[in-house]
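Novice: First the structure, then my questions, so here it is.
Values in this text are rule-based calculations from the coordinates and carry no lab data. Note that the structure is predicted; figures quoted are calculated from it, not measured. Ideal geometry is used to build each Cβ from the backbone, glycine not excepted, and the neighbour counts take in all protein chains shown.
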Amino acid sequence: MAKRLKETDAVVIGMGFTGAILSRELTKAGLNVVGLERGADRNPADEFTLTRLRDELRYVVRLELMQDNSIDTITFRNAPDEFALPIRRFGAFLPGEGVGGTGIHWGALHWRFLPTDFRIKSLLKEKYGAKAIPDTMTIQDWPVSYDELEPFYDRFDKLCGVSGQAGNLRGKVVAGGNPFEGARSDDYPNKPIKTGTGPAIFSDAAKNLGYHPFPLPSATSSAAYVNPEGITLGSCEYCGHCNRTACEANAKASPNVNVMPVLRTEPKFELRTRTFVTRLLYDKQAKRVTGVVYTDIKTGEEYEQPAGIVVLSSFVFGNVQQLLLAGIGEPYDPRTAKGVVGKNYCYQFEAGGEAFFEGREFNPFMGAPGMGTGIDDFNGENFDHANLGFFGGGYIACLNGGAPPIGGRVLPKGEPRWGVGWKQAEAKWYRCNTRFNTQGSVYAHRDNFMDLDPTYKDALGRPLLRLTYNATENDHKMSRYLVEKMEGVIKAMNPTHYEVHNRPKNFTIVPYQSTHNTGGTIMGPDPGSSVVNRYLQAWGAHNLFVQGASVFPQQHGYNPTGTLGALAYWSAKAITEKYIKNPGPLVNA
Amino acid sequence: MSDDTVPRRKFLLGAGLAGTAIAAGLSDRAEAQQPAPTTPAPAPDAEPYVNLTALEAAFIVAAVDTLIPADELSPSGSDCGVAIFIDRQLGSAWGGGAKMYRSGPYLKGKPEQGYQLALTPREFFAAGIAAANAWTRKTWGKDFDRLASADRVTALKAMEEGKAAFENFEARGFFSQLHAITMAGFFSDPIYGGNRDKAGWKVLGFPGLPATYADKIDAYRDKRYVADPQSIADFS
């Protein structure tokens, strides 16, 4: 029997970027907030330190900061007629765990979606005809526009101290930036971080081909910066050890550095770590969630925490699982295409390559998250899709994020991978190669979805979430097109040797590809097509606000964090300015 | 046979473990019939294996020395501590299956569904080594570590290409894990026992873990940055 605790104004489940932002905004509005985090506390002063962080084996290979799959995982299959098996250790994607969540180890590429992305379905119909979109492509317009979201993108940029070069400042195109981006109300908080030699060559080659290269936007401050929370961020050290780990310089943005220090001194906020929320308590009649039940992992004690407002801000999989377990919203059924919870699971379709420049010296160990240059000429509707046979696109980038020695080595095809001659090949090629990536969109498909697994359970006895996903024909065509364009730029860079890699036919759960999982609790105009409304309020429970990329109707050709941060501020504003005064649905169903 | 016994005997001595307990454990094996040295002289920086059995360690030493042979760029894999690294890793929380979902039912699945065995990494290597030795005994009449060096190369290539017909074990998957842990041992921070004297980092020209390149990234544009590599211990 769960021990019932005193009611709090709001409970926040999961302390990643969105959970930290919501906690901050709600306490600022005067609410008492309890933050529940199933993982450990992660305090930068103690944990984000040298020499601890400079350990590729611990962080990059053995995945120190990632979710503990012995407690909880998901099951996976490629198609609805297959038997799903548990992912026994995460590989293709790596959700984080503990305070900061996935916002600690991310690559810090910080993007906004295109204004046209937000009305993609309507736009495709307008441009290519009412019947152009295949029946199986279940894309939807966002219920919010770029213009509405822009002030919140701006807030999140400033929280993170993003470094970049504006391409469109208040409607005026700025040379050197991304000319395709939506208008920004303000410049980036910081100047772009420096680029390496590879990305510089890429930039010249792309320009010669008539494309529009620009430095990638990165949530890594290029200079000391005080964010709007009054927190001083450090300046990037270009140490090259950033990916899958934290930043001791406080330059790479994380919830732990950019928000939590303020929350930790806030008397209205109480953080409870190692608390595993097993279920939401749903009053279907009243269309409210009355609270949550959680197990304190440190004591084994079960608690009920009643709350006026529940913010569900775990990773995509946790969000969907909680709603399915609580029976909030109709589960999606791919056979009938009816139902909404679990619908429109999307991924990021990334393909890449590498180029080798014999005899040159790129010092690949010097790097920063998001360090690189890109072009956006083939993203979204930035280019015409008439007669291409696919929709969507993505940005193409040349990256220099640091090449640690275990995982950061790459050799040309034909060179030995071990034995005689192998070390000589490493010595020859390690320091003179550069990497490329295409950040392909994934437009939702009817058969790609999430539901509860009928067989496997987590350590607390709950059914695991089951992911049914495969790459579609549209994904492959889109990606091959991007790779072709990428290859054109690589050739123009005149390398000694290069390789490009198209994705295999079937999605596989190894090796690592991207942690950009989206959908399942998508936002939309009505309960028939979505789980949450434009303010991320659940249609089925007006005091439940679902955060993160699980609300994306589909995934566009950019890293998701910029958009999920903007949505968190947008949702928080609706809660604090409208919902608190008059609790009830913010949009009439 | 005497030339065959040399590598394993050398390994036992190098490991500082050629005592009576080990010899007794190998009583049916050729080298155990040799008089055991009563006072073995351990190699200068020999470290004992704490997780691998003597037979497993012999396999691992032979394997990492085949994957990373001694040459002008570095000593052999085992002389760089890679076998010790593997011994320690398989005994670590990771080797014991920490953070790994281990509930059944266990089913084979498609390759797309990833690793589906009940074995922890420690158990996986134990099974893989046993299967590899059984296969080399069938093919060459000897355990892997007794093979001539050219045959070791042939054997590892066959595993890598999935052409080695292991009984009840997947040769390609085993090779892939063996290769991965060997590379991790050669290139991880020396504090884990491998990459001794930063040999792996020196091959690449990787400078280890300096705190900052903010003042170097422009200065060394298109110019080689050379530094004596620094490890965790150097900063501690």
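Novice: Going by alpha carbons, how many degrees (0 to 90, nearest 10) lie between the helix axis of A:146-160 and the longest principal axis of chain A?
Specialist: Relative to chain A, helix A:146-160 is tipped by roughly 80 degrees.
Novice: Net charge near B:Thr139, counting Lys/Arg +1 and Asp/Glu -1 over other residues with Cβ under 14 Å of its Cβ?
Specialist: On the way: positive: B:Arg137, B:Lys138, B:Lys142, B:Arg146, B:Arg152, B:Lys157, B:Lys163; negative: B:Asp143, B:Asp151, B:Glu167.
Charge balance near B:Thr139 sits at +4.
Novice: Continuing with this model, one more query. Averaged across B:179-190, how many Cβ atoms of other chains sit within 10 Å of each residue's Cβ atom?
Specialist: Values: counts 2, 3, 1, 1, 7, 8, 2, 4, 10, 10, 8, 0.
That average works out to 5.
Novice: Excluding same-chain residues fewer than 8 positions from A:Lys457, which aspartates and glutamates have a Cα within less than 17 Å of its Cα?
Specialist: A:Asp68, A:Asp72
Novice: Right, something else. Please report the orientation-averaged projected area of segment A:453-513, defined via the convex hull of its C-alpha atoms, in nm². The partial results should precede the final answer.
Specialist: Numbers: hull surface 25.6 nm².
Its average projected convex-hull area is 6.4 nm².
Novice: Follow-up. In what order do A:Cys432, A:Cys239 fall by count of nearby beta-carbon atoms within 10 Å, going from fewest to most?
Specialist: Numbers: A:Cys432 21, A:Cys239 24.
Arranged by neighbour count, lowest to highest, A:Cys432, A:Cys239 become A:Cys432, A:Cys239.
Novice: Are there any trypsin sites (Lys or Arg not before Pro) in segment A:484-589 that are in a DSSP loop and have at most 10 other Cβ atoms within 10 Å? List them by number. Mind showing how you got there, number by number?
Specialist: On the way: sites: A:Lys485, A:Lys491, A:Lys505, A:Arg534, A:Lys573, A:Lys578, A:Lys581; in loops: A:Lys505, A:Arg534, A:Lys581.
Taking segment A:484-589 and a limit of 10 other Cβ atoms within 10 Å, the loop trypsin sites (Lys or Arg not before Pro) found are A:Lys581.
Novice: Which FRET efficiency value, to the nearest 0.05, do you get for B:Asp218 and A:Arg119 by plugging their Cβ-Cβ distance into 1/(1 + (r/R0)^6) with R0 = 56 Å?
Specialist: 0.85
Novice: Beyond 42 Å, what share of the Cα-Cα pairs of the protein assembly as shown remains, rounded to the nearest whole percent?
Specialist: Considering the protein assembly as shown, 33 percent of its Cα-Cα pairs are separated by more than 42 Å.
Novice: Mind checking which lysines have their C-alpha under 23 Å from A:Lys121, skipping anything on the same chain fewer than 8 residues away?
Specialist: Once the sequence-local lysines are set aside, what remains near A:Lys121 is A:Lys131, A:Lys338, A:Lys343, A:Lys477.
Novice: With n ≥ 4 as the cut-off for DSSP H runs, can you work out [θ] at 222 nm for chain A, using -39500 (n - 2.57) per run divided by the number of residues, rounded to the nearest 500?
Specialist: -6000 deg cm²/dmol
Novice: Which length gain, in nm to one decimal place, applies between A:His501 and A:Glu484 when the Cα-Cα distance is subtracted from 0.36 nm times their residue separation?
Specialist: Details: separation 17, 0.36 × 17 = 6.12 nm, distance 1.04 nm.
Length gained between A:His501 and A:Glu484: 5.1 nm.
Novice: Select from segment A:407-451 those trypsin sites (Lys or Arg not before Pro) which occupy a DSSP coil region and have at most 15 other Cβ atoms within 10 Å, ordered by residue number.
Specialist: Those that pass, being in a loop and sparsely packed, are A:Lys413, A:Arg417.
Novice: Exactly which trypsin sites (Lys or Arg not before Pro) in segment B:142-216 are in a DSSP loop and have at most 12 other Cβ atoms within 10 Å?
Specialist: Details: sites: B:Lys142, B:Arg146, B:Arg152, B:Lys157, B:Lys163, B:Arg172, B:Arg196, B:Lys198, B:Lys202, B:Lys216; in loops: B:Lys142, B:Lys163, B:Lys216.
Loop-located and lightly packed - B:Lys163.
Novice: For B:Lys138 and B:Leu107 in the same chain, what is the full-extension length gain: residue separation times 0.36 nm, less their Cα-Cα distance, in nm?
Specialist: 8.2 nm
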